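Visitor: Structure in structure tokens, see below.
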Amino acid sequence: MKIELSQERENFNKKRKVQIFYIAIFCLLIICIPFFGTKFPPATDLPQHLAQIRLFIEHNSINPDVYSIQWFGPNNLIYFFIGLGWAICGPKYLGVMILLFLAFTWLMSVFFIGYQLQRPIEGLILALPLFFNHAFYWGFLNFIIGFPVFLVWLYLTQKRNFEFFSLYQLGCIGLTFLLYEGHALWLLMGGIWIILLSLIHKFSIKQFLFWVSNFIPVGLLSLFWYPRFSLQRAQAGFDVFPHWYSSLFERLSFKWVVNSAFGGIRGPFEYIFFLIIVIWIVFAFIQNRKGLKTKINVNLMAASILLLIFSFFAPDKYMNTIYFNTRWFPLGVILLLLAMPPLKFPFKIKVVTALIVLIIFSFLTARIWHIYEKEELSGLEASLVKITPYSRVLGLDFVKESKFIKNRPFLQIFAYAQVFKGAKINFSFAEHYSGIVVFRKKRKISWTPGLEWFPERVRKSDLKWFDYVLINAKNEIHAVFSNLNELEALSQHGPWRIYKVNTNNMKN
């Protein structure tokens, strides 16, 4: 009888493995849909991250005395993959490629931990739209790549029997380095998780010391890095203090919650899909309320609560890191979906329904991206083509707000001039001191600072420091710049236009 049950369980596991594999492949094709046909995905910081590789490549040959490489700093994991993508396809399609890669890593890590911990397949599917959250639309690539690493970390910490100085511990130490290299915040969260886990499962002193010992090598590295990073940011003029811009009452509002879970596309689009997720969780709770403790995954639920609490109480901004709190919220919702027990409906109905939700979400996202690029990025590609390689480019975004995408999707687009043409630009992430390439010394600028945020502050005297001005504006503002003797309009159509600075007409 035991042999028959064992064989039946083995057959069930094989069947489930095959189901998850094919569903994962199908889901991957679905979430790739928005990326087909787009050249400039709406991820604000994306071009600046791509530009880091341009600076890295040119560091030794062109600017050996200007930049330095932070080999042992955190947040560098994403640049390994961007650099690999650059070597494979060059900069032209690199932005789309790296975002597709991140979508792939999220999907695979979600399905991996879902399979290993035997979580409901429909929950895995429904978690995928949350990849397109405000951290994605802001282009926080080094933070985004840390989530799959954290999921693997959650899985590894399930183990209770281990030995010091074993291959298992070596793997754990390696994973703490990946957390650190993903983003310094992920290393912090990984450490907090160990403390929480030790309280939940009442670790022995030996168990606790085992997990703490895994953090010693990377902890020493971070202790060397953080004081220097903090000093560099303060000297660069960045605001490094914590700020709570939204009150706890505001954070409990439905609008705040939806914007924290998604926060990328304007209109009712995200509210509808968030409600679907909430309804799904509520039904799973109600249908399984009897014996709920035995049906949920305690560790995933605890990790979810940790991230959600952090979202509600942490500062909005710290160390010049924006969305310091809300970037954790969609991840907490994903873990909540994974932790919940299955709905008590037929398997095919649950899975097909979840897939329909994902398909609709993906096609609507693709449609909005297409309209956004066609209308609001018109003239951008033609303008970039006209820029001379290794020239100096000033980027001015007067439009600021998009009709389709929330926040500031145009903020760093001028950095594509550096990505494609190697141009020197008015603001670079090398000034942040958090990427792989940083200025060796604080860059001295002679033009008005902060023009990427406040283009209205530009003065005629700023133009002489540049060869081109890339402007995103309405026709009325373009008319003003077109009439300046100091500028020559090289393009006439679309909100994005390029102007060449006429140095002969410059007044000293």
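Visitor: Taking the 0 to 90 degree range and rounding to the nearest ten, how far is the long axis of helix 298-313 tilted relative to the main principal axis of the chain, both from C-alpha atoms?
Guide: 30
Visitor: For the chain, taking Cα atoms only, what is the radius of gyration to one decimal and the Dmax to the nearest whole Å?
Guide: Values for the chain (Cα only, Rg and Dmax): 24.6, 95 Å.
Visitor: So for Tyr137, Tyr416, Tyr155, fewest C-beta neighbours within 10 Å to most, what's the order?
Guide: Taking fewest neighbouring Cβ atoms as first place, the list is Tyr155, Tyr137, Tyr416.
Visitor: Among Ser402, Ser434, rank each residue by its count of other Cβ atoms within 10 Å, from fewest to most, as a rough exposure measure.
Guide: Result, fewest neighbours first: Ser402, Ser434.
Visitor: For the stretch 1-152, treating each Cα as an identical point scatterer without solvent, what Debye log10 I(q)/I(0) comes out at q = 0.08, 0.15 1/Å?
Guide: -0.32, -0.85
Visitor: Using alpha carbons only, what's the Rg to Rh ratio of the stretch 239-325 with Rh from Kirkwood?
Guide: Numbers: Rg = 15.8 Å, Rh = 15.1 Å.
Checking Rg against Rh, the ratio lands at 1.05.
Visitor: Right, something else. Using a Förster distance of 60 Å, how high is the FRET efficiency between Leu292 and Ser482, based on the Cβ-Cβ distance and rounded to 0.05? Kindly include the intermediate steps, with their values, before the conclusion.
Guide: On the way: r = 66 Å, r/R0 = 1.10.
With R0 = 60 Å, the Cβ-Cβ based efficiency is 0.35.
Visitor: In nm, what is the difference between 0.36 nm times the number of residues separating Asn502 and Leu275 and their Cα-Cα distance?
Guide: Length difference between fully extended and current span is 76.2 nm.
Visitor: Got a sec? Charge dipole of the chain, +1 on Cβ for Lys and Arg, -1 for Asp and Glu; which of Val257, Ser434, Trp193 is way out at the positive end?
Guide: Trp193
Visitor: As a check on your grasp of the helix formula, calculate [θ] at 222 nm for the chain: sum -39500 (n - 2.57) over DSSP H runs of n ≥ 4, divide by the residue count, round to the nearest 500.
Guide: Helix-only estimate at 222 nm: -17500 deg cm²/dmol.
Visitor: Near Lys460, which lysines are there with a Cα under 16 Å away, not counting those fewer than 8 places off in the same chain?
Guide: Lys500, Lys507
Visitor: Name the GluC sites (Glu not before Pro) in the stretch 388-489 that are in a loop by DSSP and that have at most 14 other C-beta atoms within 10 Å, would you?
Guide: Here the sparse-neighbourhood loop sites are Glu401.
Visitor: Given the pairs Lys348/Lys406; Lys421/Lys474; Lys400/Lys424, which span a C-alpha to C-alpha distance of over 31 angstrom in this model?
Guide: Details: Lys348/Lys406 36 Å; Lys421/Lys474 25 Å; Lys400/Lys424 22 Å.
In this structure, Lys348/Lys406 lie more than 31 Å apart at Cα.
Visitor: The stretch 70-344: percent of C-alpha pairs farther apart than 25 Å?
Guide: Taking all Cα-Cα pairs of the stretch 70-344, the fraction more than 25 Å apart is 50 percent.
Visitor: What is the angle, in °, between the Cα long axis of helix 329-339 and the longest principal axis of the Cα atoms in the chain? Nearest 10 is fine, range 0 to 90.
Guide: Tilt relative to the chain: about 20 degrees.
Visitor: Return a single number: how many Lys pairs in the stretch 70-344, at a sequence separation of 8 or more or on separate chains, have alpha-carbon atoms below 17 angstrom apart.
Guide: Taking the stretch 70-344 as the scope, the lysine pair count is 5.
Visitor: How far is the Cα center of the stretch 236-262 from the Cα center of the stretch 338-411, in Å?
Guide: If you average the Cα positions of each part, the centres end up 22 Å apart.
Visitor: Okay, moving on. Express in nm, to one decimal, how much length is gained between Phe81 and Ile356 on full extension, taking 0.36 nm for each residue of separation and deducting their alpha carbon distance. Please report the intermediate quantities before stating the final value.
Guide: Working: separation 275, 0.36 × 275 = 99.00 nm, distance 3.16 nm.
In short, 95.8 nm is gained.
Visitor: Right, here's the next one. Which percent, to the nearest 5, of DSSP beta bridges fully inside the stretch 380-505 are antiparallel?
Guide: 55
Visitor: On C-alpha positions alone, give me the angle between the axis of helix 2-31 and the longest principal axis of the chain, in degrees, nearest 10.
Guide: 20
Visitor: By counting other Cβ atoms within 10 Å of each Cβ, how are Met301, Met340, Met108 ranked from fewest to most?
Guide: Exposure proxy ranking, most exposed first: Met108, Met301, Met340.
Visitor: Would you please give the FRET efficiency between Asp239 and Ile192, computed as 1/(1 + (r/R0)^6) with r the Cβ-Cβ distance and R0 = 30 Å, to the nearest 0.05?
Guide: Working: r = 25 Å, r/R0 = 0.82.
So the FRET efficiency works out to roughly 0.75.
Visitor: Here's something else I'd like to know. Using the beta-carbon distance between Val385 and Trp225 and R0 = 41 Å, what value does 1/(1 + (r/R0)^6) give for FRET efficiency, to the nearest 0.05?
Guide: Values: r = 40 Å, r/R0 = 0.97.
Computed FRET efficiency for Val385 and Trp225: 0.55.
Visitor: Additional query: Chymotrypsin sites (Phe, Trp or Tyr not before Pro) within the stretch 235-266: which are DSSP loop residues with at most 12 other Cβ atoms inside 10 Å?
Guide: Counting only loop positions with at most 12 other Cβ atoms within 10 Å, the chymotrypsin sites (Phe, Trp or Tyr not before Pro) in the stretch 235-266 are Tyr245.
Visitor: Enumerate the amide H contacts of Ser491 below 5 Å, restricted to partners 5 or more residues apart or on another chain; note that Pro and chain-start residues carry no placed amide H.
Guide: Placed amide hydrogens put Ile498 under 5 Å from Ser491.
Visitor: Need one number: nm distance between label points at Phe347 and Phe21, each 7 Å from Cα along Cα→Cβ, rounded to one decimal.
Guide: About 1.6 nm separates the two model spin labels.
Visitor: Can you tell me what share of the DSSP beta bridges in the chain is antiparallel? A percent to the nearest 5 is fine.
Guide: Restricted to the chain, the bridges split so that about 70 percent are antiparallel.
Visitor: Starting from the Cα-Cα distance between Ile173 and Arg459, subtract it from 0.36 nm times their residue separation and give me the gain in nm to one decimal.
Guide: Values: separation 286, 0.36 × 286 = 102.96 nm, distance 5.23 nm.
Extra length available between Ile173 and Arg459 comes to 97.7 nm.
Taken together, the values in this text are just the output of simple stated rules run on the coordinates, not laboratory data. The structure displayed is predicted, hence computed values, not measured ones. We place every Cβ from the backbone using ideal geometry, glycine too, and count neighbours over all the protein chains shown.
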